[in-house]
């Protein structure tokens, strides 16, 4: 006897529909799963056997072969449990399931037959919709996540015995007949229909005012200006200054001035969090841009992604948002160097013997650092004098390579604040956010027919067209390039930065003042070269 159902697994952050084929044949009782399963799938035999028996069904005493096709794709996870159990029950004629061929079946089984949630449901359901499936059957705890994909019916199943309704096969003393009477599966009671309600809840959450605000930060008006420019064009930014000057506080408020995720961005970001198992059960489609701040002890695999079957790392979890690296030199140099490729390509490619995985990684890099190991190099306060030698400072700075520093558009000095309460009205997040929204609206209109959205994405002919300079501005930039010894990459990044500064002023053309302001954010490349003993 032969039966076939459909389940799914993850391949990177994308769902892949898997055919679950079940064959029952005469012979010694034995169950084998083939099709490159991992250990969690091979162990599902015992979970499925116990669940079937504890729900009043009979586990067939036959030779059972379960094939997961395509056979050349390695599979992992526990999402096949429910499909395997139903395949056995349908093939052994204990259940009648007429709609099985049009459903994607996902779920992990407990030993008593209860359904447990699995990760990565969102990309699986999205792929099922693309492949033309009518609906998806999955654990109750996953229905809210699955309902984020419109145009496909979602059925939530709390327990295996619920499939047959009140007339199901649960019996206190099940008969020992050679064949149990079949039960028809009823799906009408399991349909999930609260999609609109949860969409409204997500919209309400997106309108909530943030608890943190830039008005809590005293002074630092020039830092807030730099952060506004960075947010308006999604440019990479670094803050450099002594301890306690507010670098971390300034960076953590950066999400409060960014616009919410667009619909397509929200779906991609939510898929990444779903695949990584980090999507909250009560959270709908993500609307706020992610802000990731990993500890400096993170490994390269944790930052970029990896594993036997790779999972997304922090750079992918920060997709369309911010990756904040606090105290940048404290990170391993090897870990920092792996950032260079995703900063340029905006995606991460991880190769394995059997497959190549690509994860999106389009993020704004925000980082902070002290100017030296003790933190007080260049301080003008008599009680805070640097005690580091030239060699120690050079060794500290060498943890950040030149090519990585070259990819940071704004390098801003954060001195000890000079303003105290009552001196000047603080600039709020709302005022900064209004400037960012206006600049990004200009960019959306300018690039509406191009494969880019922000000025930081300009490249090649697009950069020369939309960031063209007049003669005076071009001469100013050329003189700066020669005097500071900047690279051609820095030249392009100054152009992009000047384009964003012009957009903040709603200027169609880039003026000399815009180029001059963009250049001053690169002066730290030269300013922080140590040539003599401090003090």
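Tabulated data
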| quantity | calculated |
| --- | --- |
| Residue that is farthest from residue 275 (Cα to Cα), among those in the range 351-373 that are at pLDDT 90 or above and surrounded by fewer than 20 Cβ atoms within 10 Å (Cβ to Cβ) | 373 |
| Unique match (being part of a helix (DSSP H, G or I) and either surrounded by fewer than 21 Cβ atoms within 10 Å (Cβ to Cβ) or not assigned by TED's automatic domain parsing to the domain that holds residue 359 (or both)) among 58, 46 | 46 |
| Test for residue 232: is it crowded, with 23+ Cβ neighbours inside 10 Å and within 29 Å of residue 435 (Cβ to Cβ) | yes |
| Test for residue 118: is it more than 25 Å from residue 272 (Cβ to Cβ), in contact (Cβ under 8 Å) with a residue 12 or more places away in the chain and surrounded by 17 or more Cβ atoms within 10 Å (Cβ to Cβ) | no |
| Members of the range 290-304 found to be assigned to a helix (DSSP H, G or I) and either buried (at least 20 other Cβ atoms within 10 Å of the Cβ) or in contact with a helix residue (DSSP H, G or I) (Cβ under 8 Å, 6 or more places away or on another chain) (or both), listed by number | 300, 302, 303, 304 |
| Test for residue 10: is it touching a strand residue (DSSP E or B) at 6+ places or on another chain (Cβ under 9 Å), closer than 25 Å to residue 161 by Cα, in a strand (DSSP E or B) and assigned by TED's automatic domain parsing to the domain that holds residue 134 | no |
| Residues that are within 19 Å of residue 511 (Cα to Cα) and surrounded by 17 or more Cβ atoms within 10 Å (Cβ to Cβ), drawn from the range 447-462 | 455, 456, 458 |
| Candidate set: the range 133-163, residues that are over 27 Å from the mean Cα position of the chain (by Cα) and assigned to a loop (DSSP other than H, G, I, E, B); chosen: the one farthest from residue 82 (Cα to Cα) | 134 |
| All positions within the range 91-116 that are farther than 16 Å from residue 162 by Cβ and assigned to a loop (DSSP other than H, G, I, E, B) | 92, 93, 98, 111 |
| Residue list for the range 239-286, filter: more than 15 Å from residue 122 (Cβ to Cβ) and out of contact with any helix residue (DSSP H, G or I) (no Cβ under 7 Å at 6 or more places or on another chain) | 242, 243, 244, 245, 246, 247, 248, 249, 251, 252, 255, 262 |
| Residue check, residue 52 under 20 Å from residue 138 (Cβ atoms) and either buried (at least 19 other Cβ atoms within 10 Å of the Cβ) or touching a residue at least 24 places away in the same chain (Cβ under 8 Å) (or both) | yes |
| The listed residue being part of a helix (DSSP H, G or I) and not assigned by TED's automatic domain parsing to the domain that holds residue 12, out of 287, 256 | 256 |
| Among (1) surrounded by fewer than 24 Cβ atoms within 10 Å (Cβ to Cβ); (2) in a helix (DSSP H, G or I); (3) touching a residue at least 12 places away in the same chain (Cβ under 8 Å), the one test that residue 84 misses | (1) |
| Meets criteria (within 15 Å of residue 504 (Cβ to Cβ) and in a loop (DSSP other than H, G, I, E, B)) for residue 444 | no |
| Total residues in the range 129-159, condition over 19 Å from residue 188 (Cβ atoms) and surrounded by 20 or more Cβ atoms within 10 Å (Cβ to Cβ) | 5 |
| Members of the range 498-512 found to be modelled with pLDDT under 95 and part of a helix (DSSP H, G or I), listed by number | 512 |
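The values are calculated or read from the model by the stated rules, or taken from the named source; none is laboratory data. Please read these numbers as outputs of a predicted model, since none were measured by experiment. Note that each Cβ is placed from the backbone with ideal geometry, even for glycine, and that neighbours are counted across all protein chains shown.
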